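Asks: To start, I am sharing the structure in question, which I have written as structure tokens.
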């Protein structure tokens, strides 16, 4: 019986993490004003629209930020975590605690998505520097709001662009700070859904 419960919790975690990442990726790409007609963008829109459209009717955007996507990510994380607790046979977590945990998890997931995008950009800059593959184009568009301001202070030198290096360091430090704050208030990072290695 315990094995079945472990399998169910694992599956909820994996698929919940995947869908949460899709929601957050859509949010980040919209914030970065990435190409809406890119095939990957279109896939993200199709997968998230069924849940996002109803929310958009009651939660408007603010200053170009898609608040409905953030609220959907928060609600989805909250419901997925409660489902995992129910399947495990534990008591439901108090809503205020779960919201705080969800905020920390979403923050770490966003940082992780940026770090993974940075790693992809770093690798492709060596293997396929002039690639116009739709995924590479989106990765560039996703990271440009972070890399652009750094390039103004540290312009490329000798054909080398160091902005990705400094943004990566900033994201790693930010990740440590978020985990440190979470540990201070006893956020159970090990049991949260999402990809935060």
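Asks: To the nearest 0.05, what FRET efficiency results for residue 55 and residue 82 with a Förster distance of 22 Å applied to their C-beta separation?
Replies: Using R0 = 22 Å, I get an efficiency of 0.75.
Asks: Which angle between 0 and 90 degrees, to the nearest 10, do you get for helix 67-88 versus the longest principal axis of the chain when only C-alpha atoms count?
Replies: Rounded to the nearest ten degrees, it is 40.
Asks: Please arrange 152, 33 by counting, for each residue, the other beta carbons lying within 10 Å of its beta carbon, fewest first.
Replies: 152, 33
Asks: Taking only the Cα atoms of segment 66-134, how large is their convex hull per residue, in Å³?
Replies: Here the figure is 122 Å³ per residue.
Asks: A further question follows. Report the normalised scattering of segment 86-180 as log10 I(q)/I(0) at q = 0.11, 0.18, 0.19, 0.25 Å⁻¹, calculated by the Debye formula with identical scatterers on the alpha carbons.
Replies: So the normalised log intensities work out to -0.45, -0.88, -0.94, -1.33.
Asks: By how many degrees, between 0 and 90 and to the nearest 10, does the Cα long axis of helix 134-153 differ from the longest principal axis of the chain?
Replies: Helix 134-153 sits at roughly 70 degrees to that axis.
Asks: Let me ask something else. Tell me, what is the percent relative contact order of the chain, built from C-alpha pairs under 8 Å that lie six or more residues apart?
Replies: Relative CO of the chain lands at 30 percent.
Asks: Same structure again: Please state the relative contact order of segment 8-83 as a whole percent: Cα pairs under 8 Å, 6+ residues apart?
Replies: Reported relative contact order: 39 percent.
Asks: Can you give the Rg and Dmax of segment 22-106 based on its C-alpha atoms, in angstrom?
Replies: Rg then Dmax for segment 22-106, in Å: 14.5, 44.
Asks: Can you list the equivalent-ellipsoid semi-axes of the chain, largest first and in whole Å, using the square root of 5 times each Cα gyration tensor eigenvalue?
Replies: 32, 20, 17
Asks: Let me ask another. Starting with the fewest neighbours, write out 6, 161, 66 ranked by other beta-carbon atoms found within 10 Å of each beta-carbon.
Replies: With the sparsest Cβ surroundings first, the list reads 6, 161, 66.
Asks: Counting other C-beta atoms within 10 Å, which of 133, 77 has the fewest, and how do the rest follow?
Replies: 133, 77
The numbers here are math on the coordinates, done by the rules we state, and not lab data. Quantities reported herein were computed from a predicted structural model and do not represent experimental measurements. Neighbour counts are summed over all protein chains in view; Cβ atoms, including those assigned to glycine, are modelled from backbone coordinates with ideal geometry.
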